[in-house]
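Reviewing the structure listed below.
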Amino acid sequence: MIPNQNHTPMMKKLLCLLIVGIPVFTFSQVSNLSVVALSDSLKSRASVIKHSEDIFFEVTDINRAYLTVHKVFTVNSVSGKDALLFSEYSNKARNLTDAEIKVFDATGKQAGKYKISDMRTSAVGEGLIDDGKYTYFEIPTFSYPVMVDLKYEVKYKGTLFYPAYDIQSSGEAVEASTFVAKVPENLDLRFKPNNINISPEITSSDKYKFYKWTVKNLAAPEFEEGSVLYESRYPRVLLAPSRFKIYDTEGDMTSWKNFGMWEYELTKELYDLSADKKVFFANMVKDEKDVKGKIKVVYQYLQKNFRYVSIQLGIGGYKPFPASFTDQKKYGDCKGLSFYTHAILNSLGIKSYVALVNADYNREPVDPAFPCNQFNHMILCVPNAKDTLWLECTSRTNDFGVLGSFTENRNALLITDAGGELVRTPLSKATDNIFNAKTTVNINEDGSGKANLVIDLTGEYKQNFLYYTDEKKDEQKDFLVNGIGLKQPDDFSITSTDADEKFIGSVDLTIEKIPEFAAGTKLFLNKHLYKVVKNNLPKAETRRLDYFFRYPFEKSDTTVYRLPAEYVPDVLPQPKNIPGQYTSYSTSCWFNEKEHAIYSVAKITLTKSRIPAADYPALKKCFDEMMKDDLQHIVIKKE
C-alpha cells in the first residue's frame, strides 16, 4: 500500500491522537496498574479487565484508511485465556503493518516483548485470495493474573470495510475505552449503536470531522449460552461509509439499492461460459419439461462435481471469480459457486440473482434501516412462477431448494440490474426436520445383545447423517455416541438408501452391556437406546437474551426390547404428556406378550428455533421435565 503523503509515520499519528483528546498510555502507567484498586462492580464476573483502550480510525481519502489500536488489559484467570490470542487477517485491501505485545506479571515486571516478526502467518483460501493470510500469536503465560500491553496498526486500500467499535465481550470489564474516527467532511460516515445507549462527540477541523465515543467503568456482561452470535450480544457501535472505493470502483452505501447496484456493476461482465459449456448444460437439461426440473438437474450436478473452499465473504471480498475459472478449477468459495450456478442458469434463459446474506443459525438479520456491509455469505435466488427457489450452492448435502438453518429467516440482498433489493429468506418448520427411528434390541441372558436402528430422516437431520456416511469409522462412532446419544457400541455398521429428499438408514450395533445396571435378578434398561431428549438447557434465572436452537424439529422413536426367555417386566414407566408453548412431548410403554417384548414410544416436537427471553423459563421447565421422564428406567426381572 502506498503511504499517505500527507502524514509522516507513527509519531505524527500519535500527535493526532493527542490533538483530539485520546490519552497515550505510557509504560510507567502500565507498571502501576497492577496495584490499582478496582471497584467491586468491575471485579464482579470479570475474567478480563480492560484498563485502557485507545482506537483511532482515520479515512484520508475515498481509497485509504488507517486503524491504530493501543490497549492494556489484565487476564485474571484461565477463563479469560481467549483474550491472549492475537489474530488479524490481511489481503489486497487490508494489511496488518505493525504489532507489538508487552507482557507483565502480577508484580508489574515485564515478562516478555513480541514484535510482528515473532508472530505466525497462515495462508487463507487455497490461493483464491490475493495475499490472503492470517497473522496470529498466542501470548504465553504460566500464571495468572497477567497484564498485556498491545499495539497494532492496519492500513486499508479501499474503504468498503469500516471497523466496528467493539466495546466489550463476555466476562470483560472496561475501565476506560475511547474510539475516534476522523473522516473527510465530503465523505462523512454513518453509525449505529447496538446494546448500548451512546452518542459520539462530533467536532470539525480543516475539512475533517471527528467522531469520539468514550466509555468508562463498565461491569463485565455475563455470558448467556445459546444466545445470539457475539457481535449482536455485546455493546458495540457499527460504522459505515456513505461513499466508498475498492477494486478501483466507487460505490454508494446510503441505501441498499445503491450498494446492490455497485455489486451488480462489479460482476456483470463475468458470465464468460464457453460456447461448448453452454451446449453441455443445454444437453444436460433437455429432457426436463419445466424450469424447476432444469434448475434441480444443474444444482445436483454442482453438488456432485464441485468442491467448496471455505472463505468468509468479508475476507475474500465481494468480486467473484469469472464463471470460467470456477468451471475449470471445479471448486470455489460461496460467491464463486453461487455466481457459477447463476451463470449456468443465465445461459439456459433462467433468471436468477445472487444474494448477499449474513449466515449462521444464531445471527441477527441485517437492519433494513441501516445499510452496512455486514454480509459474510452468498446464496442464489431463483424467482419462479409459483414459488421462489433458494439455493445453497456450497453444500453437497442440502436438499434442492432448501437453505437450512445457516441462512434461513434473514434479510438477503438480491443483486439485480436495478440495484439491491432486501428480501426475507424462508423460515423452516418442525416438519422440515424429522427424525423417525425404530430401534429393535435383542437382549441375551448375560446382558449383551445386538441392536438395529432404522432411521428415516429429513432436513438438518438428513444432512448431518449424510456427512458422516463417508467419514472414517472412528468419526462415525463418535457421531453415533456423541451426536445421536447411542450407547457405546463394541461394533457397528451403517447402510443407507438413496431416497432423494429423505435419508433412510440402518445401523447395526453389537453391545456388550445393554442394561444400565443390575440389582440381583433385576436388570434396569433405559427407555430408549439413545437419548431422545438431549437438550440440557442453561439456567433460566435473569435471562436477558433470546435462546436459539439450531432448528425446529419433530423427533420420534419406538424402541422394542426383545427379552430373554426367562425375563419378564417388573416396572414399566407410566405414560407422560408434557405440553408447552413451543413444545410437545409424549411417551408410552407396554409389554407385548406374543412377541415377549417391551415397546417404549416417545415423540418430541419443537415448533420454533428462536425462543424469546421472556418465554425461556417456561420452556426450560418443559425440557427439564422431559429429561427427568426420559431418565426413568424399564425394569425387568428373571422369573
>> I want the antiparallel fraction of DSSP beta bridges within the chain, as a percent rounded to 5.
In response: 90 percent
>> Checking the a/c ratio against 1.5 first, then a/b against b/c, what shape does the Cα gyration tensor give for the chain?
In response: oblate
> Roughly how many nanometres apart are two label points built 7 Å out from the Cα toward the Cβ at residue 423 and residue 473?
Replying inline: 4.9 nm
> Which pairs break 32 Å Cα to Cα here: 438/628; 304/555; 304/450; 304/539; 319/477?
Replying inline: 304/450; 304/539; 319/477
> Say the dipole of the chain comes from +1 at the beta carbon of Lys and Arg and -1 at that of Asp and Glu; which of 493, 199, 271 then lies farthest toward its positive end?
Replying inline: 199
>> I'd like the distance separating the alpha-carbon centroids of the range 192-207 and the range 568-594, in whole Å.
In response: 60 Å
> Which value results when the Cα radius of gyration for the range 430-638 is divided by 2.2 N^0.38 Å?
Replying inline: 1.07
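As an exercise, use a Förster radius of 60 Å and the Cβ-Cβ distance of residue 613 and residue 113 to find the FRET efficiency, rounded to the nearest 0.05. Walk me through the intermediate numbers first.
Details: r = 45 Å, r/R0 = 0.75.
According to the calculation, E is roughly 0.85.
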>> Using a Cα-Cα cut-off of under 15 Å, which aspartates and glutamates could be cross-linked to residue 502, ignoring same-chain neighbours fewer than 8 residues away?
In response: 399, 432, 456, 460, 554
> What are the lysines whose alpha-carbon lies under 16 Å from the alpha-carbon of residue 43, with same-chain residues fewer than 8 places away excluded?
Replying inline: 216
>> For the chain, what does the relative contact order come out to in percent, with C-alpha contacts under 8 Å and a separation of six or more?
In response: 9 percent
> So for the range 280-405, taking the charge dipole from beta-carbon charges (+1 Lys/Arg, -1 Asp/Glu), which of 336, 305, 376 sits furthest toward the positive end?
Replying inline: 305
> For the cross-link pairs 292/329; 245/292; 522/576; 268/472; 113/157; 268/386, which exceed 32 Å when the distance is taken from alpha carbon to alpha carbon?
Replying inline: 245/292; 268/472
>> With the crude spin-label approximation of a point 7 Å out along Cα→Cβ, what separation in nm comes out for residue 136 versus residue 516?
In response: 4.0 nm
> Which of the chymotrypsin sites (Phe, Trp or Tyr not before Pro) found in the range 138-211 are in a DSSP loop and have at most 10 neighbouring Cβ atoms, other than their own, within 10 Å?
Replying inline: 142
> With charges set only on the Cβ (+1 for Lys and Arg, -1 for Asp and Glu), what does the dipole of the chain come to about its Cα centre, in debye to the nearest 20?
Replying inline: 740 debye
> Within the range 223-288, which GluC sites (Glu not before Pro) sit in a loop by DSSP and count at most 16 neighbouring Cβ atoms inside 10 Å?
Replying inline: 225, 269, 288
> Is it possible to state the helix-based mean residue ellipticity at 222 nm for the chain, with each DSSP H run of 4+ residues giving -39500 (n - 2.57), the sum divided by total residues, to the nearest 500 deg cm²/dmol? What is it?
Replying inline: -5000 deg cm²/dmol
>> Out of the trypsin sites (Lys or Arg not before Pro) in the range 438-483, which ones are loop residues according to DSSP with at most 11 other C-beta atoms within 10 Å?
In response: 472
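Only the coordinates and a few stated rules stand behind these numbers; no lab work does. Here the structure is a predicted model, which is why all the values come from computation and not from measurement. Backbone-built Cβ (ideal geometry, glycine too); neighbour counts: all protein chains shown.
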